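Here is the structure we will look at, set down as structure tokens.
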Amino acid sequence: MQTSPRVTAVMVSSLDGAVVAGGAGSRGLSTPADRTLFRALRRSAGVVLVGAGTVRDEDYRGVRPRRPTPDDPEPGPPPPLAVVTGSADLDPGAALLTDTVTPPIVLTTGAAPARRREALQAAGADVVVLPDLAPATLLGELGRRGLHDVLCEGGPTLLGALVAADAVDELRLTLAPVLVGGPAGRIAAGPVAAEPPRGMRLAGHTADDDGTLLLHYVRA
Ligand SMILES: NC(=O)c1ccc[n+]([C@@H]2O[C@H](COP(=O)([O-])OP(=O)(O)OC[C@H]3O[C@@H](n4cnc5c(N)ncnc54)[C@H](OP(=O)(O)O)[C@@H]3O)[C@@H](O)[C@H]2O)c1
């Protein structure tokens, strides 16, 4: 029996719940401890799942080769990036496609304009046309490819869909020691999740000297 992939979400939030700060998106919130965690999670992921809004806003780069470390002197290939997009509105000339060691997987539907899908395919993307972009469909496709450890890097729309589908197994939440105020959204947005809310258990936490709190929650 094929099991659904395990989903770990990694997000950073300000103390007052903002998911972005200034014009730098989540980078305006990230701290050294958060970046170290982010890199470590990428190292162990089977695939990185990310929404097109984040790719566009944060100008996502392609996948870099894994650097050897004392614990892992001969690292395997890095995990591919899988981008969820209903519109296929991604720049075929972006570093996501032009500067990468592994072509990105673009998860879209037949409703996306064919010329955009074809341009991404021509630029090297592995364009997958799915019947819909519901979490079960996305995760089913990744599982079918043997990609069972999914690291979701957001953004809020994609995470909101995963939360609503009760598909988040772990959350790595960084609380950055800043107050942002303003209209910024929170880490998950979109459809209302089932009642009662999904309970999560604190599996670990680390406080950095700069006041960053790294929280690790798993399904209760
Ligand atoms: N604080 C953090 O940890 C963090 C993490 C990531 C992102 N962010 C920030 O969040 C902002 C982007 O927010 P966002 O909500 O737009 O991000 P997003 O979830 O990455 O992107 C939303 C877009 O992704 C596609 N998409 C995602 N899930 C979908 C689904 N289930 N069905 C169909 N399409 C889906 C759609 O693309 P199309 O429009 O192409 O159809 C949608 O417009 C940026 O400012 C970024 O910096 C913050």
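The values are calculated or read from the model by the stated rules, or taken from the named source; none is laboratory data. Keep in mind that what you see is a predicted model, and the values were worked out from it rather than measured. As a convention, Cβ positions derive from the backbone with ideal geometry for all residues, glycine included, and neighbour counts pool all protein chains shown. Side chains are part of the model used for accessible areas, which takes the heavy atoms of the whole protein and leaves out ligands, DNA and RNA. Shrake-Rupley method; radii C 1.70, N 1.55, O 1.52, S 1.80 Å.
For the stretch 65-73, does any single residue satisfy the condition of being outside any loop (DSSP other than H, G, I, E, B), touching a residue at least 12 places away in the same chain (Cβ under 8 Å), within 12 Å of the ligand (Cβ to nearest atom) and more than 14 Å from the chain's Cα centre (by Cα)?
Among the residues of the stretch 65-73, not one is outside any loop (DSSP other than H, G, I, E, B), touching a residue at least 12 places away in the same chain (Cβ under 8 Å), within 12 Å of the ligand (Cβ to nearest atom) and more than 14 Å from the chain's Cα centre (by Cα), which makes the answer no.
How many residues are in contact with a Lys or Arg (Cβ under 8 Å, 6 or more places away or on another chain) and more than 17 Å from residue 27 (Cα to Cα) when one looks only at the stretch 170-220?
Summing the residues that are in contact with a Lys or Arg (Cβ under 8 Å, 6 or more places away or on another chain) and more than 17 Å from residue 27 (Cα to Cα) in the stretch 170-220 gives 11.
Under 8 Å by Cβ, and 6 or more places apart or on different chains, what pairs join a residue from the stretch 183-200 that is open to solvent by 100 Å² or more (accessible area, probe 1.4 Å) with one that is of a type outside the set (Gly, Ala, Ser) and near the ligand (Cβ under 9 Å from one of its atoms)?
186/19; 186/156
Among the residues of the stretch 193-206, is any of a type outside the set (D, E, K, R) and within 16 Å of the ligand (Cβ to nearest atom)?
Yes; the residues of the stretch 193-206 include at least one that is of a type outside the set (D, E, K, R) and within 16 Å of the ligand (Cβ to nearest atom).
For every residue, the table says whether it meets (1) more than 9 Å from the ligand (Cβ to nearest atom); (2) under 20 Å from residue 58 (Cα atoms); (3) open to solvent by less than 40 Å² (accessible area, probe 1.4 Å).
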{"site": "101", "(1), (2), (3)": "yes, yes, no"}
{"site": "126", "(1), (2), (3)": "yes, no, no"}
{"site": "131", "(1), (2), (3)": "yes, no, no"}
{"site": "143", "(1), (2), (3)": "yes, no, yes"}
{"site": "158", "(1), (2), (3)": "no, yes, yes"}
